[in-house]
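Following: one structure in structure tokens, then a few remarks.
The values are calculated or read from the model by the stated rules, or taken from the named source; none is laboratory data. Since this is a predicted model, take the numbers as computed values, not measurements. Note that we place each Cβ from the backbone using ideal geometry, even for glycine, and neighbour counts take in every protein chain shown.
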Amino acid sequence: MAADLDGQRLLTSRCPFGTAAADHPDVVCSLDRGVVSGLFGELAKHHAEIYGAPGIAGDDPGRGFEPYLADPRLKHFWVAEAEGIVAGCAGLMVEPDGAMIEPVIVASTHRRRNIGTALIHRAEAQAKKDGIRFLSIKPVARNIDAFRLYVALGYDRVGEIELFRDLSGSTEREWKHNLVIHDHELGY
């Protein structure tokens, strides 16, 4: 377990395998699975709130965790512990042309304590060790706090922009309209 900011620890899991399990997503213990699934659920609920769309979280907000662990691009996964409890997590997804830190989740009870920063720094160190040149991070457009943190940490280059169109005709989401890219106002 690597000591990090303010005595917080970054773990791979709380399994008895200890450092032998370091950085390997396949050994997230059953004890951690429920807790980390809860973090994924908290993130889904946060996205539902900032978009004003309860359907984002649905009936099982943590449902995305198990498919995430099964993603073959996931090469490293960390759990942050603070005050003896799981307070956050992050993963490193490796692709042919670079890697992406996905997700960075910090429990609402532990935000603004540098846990997200510590997780990002750990992922960056691993990416450097793995010889990755380009490292990206993709906050949802309305997660302004995360966006500000990532820019402050040096993620200030735009590699690609994902545009989409809502074909549902639903009025569930109210889109904001003050994002301008290349002289075009976009909804987000």
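Here are the numbers:
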read-out	value
Selection from the stretch 34-63 of residues that are buried (at least 16 other Cβ atoms within 10 Å of the Cβ) and either touching a His at 6+ places or on another chain (Cβ under 7 Å) or not in a helix (DSSP H, G or I) (or both)	Ile56, Ala57, Pro61, Gly62
Output for the stretch 142-169, where each listed residue is out of contact with any helix residue (DSSP H, G or I) (no Cβ under 8 Å at 6 or more places or on another chain) and of a type in the set (A, V, I, L, M)	Ile144, Val151, Ala152, Val158, Ile161, Leu163, Leu167
Odd one out for Ala141, checked against (1) touching a Lys or Arg at 6+ places or on another chain (Cβ under 8 Å); (2) closer than 18 Å to Tyr188 by Cα; (3) small (Gly, Ala, Ser)	(1)
Residue check, Ile161 at pLDDT below 90 and over 19 Å from Ala90 (Cα atoms)	yes
Residue in the stretch 138-157 that is over 18 Å from the mean Cα position of the chain (by Cα) and either part of a loop (DSSP other than H, G, I, E, B) or under 30 Å from Glu81 (Cβ atoms) (or both) present	yes
Identity of the residue in the stretch 150-175, of a type in the set (A, V, I, L, M, F, W, C) and surrounded by 10 or more Cβ atoms within 10 Å (Cβ to Cβ), that ends up farthest from Glu102 (Cα to Cα)	Trp175
Residue match in the stretch 127-139 (condition: surrounded by 10 or more Cβ atoms within 10 Å (Cβ to Cβ), touching a Leu at 6+ places or on another chain (Cβ under 9 Å) and basic (Lys, Arg))	yes
